[in-house]
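Just below is one structure, and these are the notes that go with it.
Bear in mind these aren't lab numbers, they're just calculated from the coordinates by the rules spelled out. The structure presented is a predicted model; accordingly, all values stated were derived computationally and were not measured. Counting neighbours? That spans all protein chains shown, and the Cβs are built from the backbone with ideal geometry, glycine included.
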Amino acid sequence: MHHSYDLIFFELFKVFFWWLPTAWFSQKEMKKIHELQADAVVLQSTDVKQYSSLLIHNTLESNGLGLASSFQDGFIIARLKAMKQGTRNLRSWKLASLIGLCGLLIVFLSCGQELDSEVEIIEQQKDRLTIDTGSEEEVLTVVEELPAFKGGMNAFYHYLRMEMRYPLEARKSSVEGRVDVQFIVEKDGSLSNVKVLEGIGAGCDEEAVRVIQKSPPFNPGKQRGRPVRVRMVIPIIFELDPVRKNRDNSSQGIIIIEKAAVKASKPEVVANYENGEWFGTIKDEHGEPLAGANIVIEGSSQGTTSTLDGTFNLAAPRSKDIIISFVGYETIKVEGE
C-alpha cells in the first residue's frame, strides 16, 4: 500500500519545514490512517470479533493491565468502533487530497519567502527610490516645506542689507530701480544659478549677484520629507536720496530688500480657435508637454485638462476668454474676440 513512501515524504517534509507544527501533526495523523488501512485489509480475510479480540489482547499485553493508560489516547477504541460499524475501504481520493493540501502549503510558503525577498530588496533600495521629488536637473516651484535661511528669512534680509553697497557708477549716473535676482536653493542648502531676471545696470545687477552668491547656506526645501532643489526670486530696490549727498557730491543710496518668494514658471501656450472650439498645446519652461493643466472658460465651470502630450480641445464661444492654470506655474489668460 506504499506506506513507506508516505512516511519518507513526511520525514522529508519535516526536514524542510521543521518549524511548522502542522508538519509533525500531519505525520502523526498519517500513521493513524495507515493503521486503519491495515485493519481494513486484515478484515477482508478475518472475522471482526476474532481480530478485535487479538487487538485488545496485544494492547493489554504490551501495556499491562492498566486499562486507563492503555486506551487513554482513544485511538484503539476508535479502531474497534470502526470495525464494529463495518469495514470500509479508505478511499484513495482522501489520501490524494491530503497530499494535495501539503503541496499547496509548500507552494504558499515558497511564494511567501519570495515576497519577503522582494520586500527586503525594496527596503535596501528605498533610498534610491523617489516619487516626483526632483532629479538633479529638476527644480521645483511648489513644495511642502519652503527653503529658509538659517536663523530665519529676516536674518537673510539683514545679511543682504549689511553686505550690499550702492555702486558708485549708479550713484553718479542717478541710476535707480528694481533688480529681480533669481537663485536655486540646492539640496544641501547652498545657492546656485544666481542670475538677474530684470536689472537696471550701472553695476547694481552685479552687486546683487555678488552678495547673494556669497550668502551662507539655507535649510533646503523638502517634498515628502526629502530635500529638493527650489527656485526662488528676491527683489532688491536701489533708491537715491536727492537731498542727502556723499563727499563726492553723489546722492546717497538706499537699498531696500523685499521678501523672497518661490518663482513660478511661465508655461508656453499655443492656442488657436476654429470650428467653435479652442485647441492648442501647453509646455513647460523646458519645452516638454505639460499634462494635467486646467483650461476653463472664464466665469464658468466648463473646462478640460491637457493630455499627456500637452494638447487640449475646449468647445466655447469665440468671444469667451479661457484661463490656463497649473500648480507652480503662472496663470495664463487667452483672450477671445
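A few points about this structure:
- With kT/(6 pi eta Rh) evaluated at 20 °C and eta = 1.002 mPa s, and Rh the Kirkwood radius from Cα pairs, segment 213-328 diffuses with a coefficient of 116 µm²/s according to Stokes-Einstein.
- Filter on LYS222/LYS259; LYS150/LYS333; LYS259/LYS283; LYS172/LYS266; LYS187/LYS333 - keep pairs with C-alpha separation over 27 Å: LYS150/LYS333; LYS259/LYS283; LYS172/LYS266; LYS187/LYS333
- Filtered trypsin sites (Lys or Arg not before Pro), segment 252-337: DSSP coil and at most 11 other beta carbons within 10 Å: LYS259, ARG318
- Other residues lying with their Cβ under 13 Å from the Cβ of PRO289 contribute a combined charge of -4, Lys and Arg counting +1, Asp and Glu -1.
- Proximal charge balance of PRO317 [Cβ under 14 Å; K/R count +1, D/E count -1]: -4
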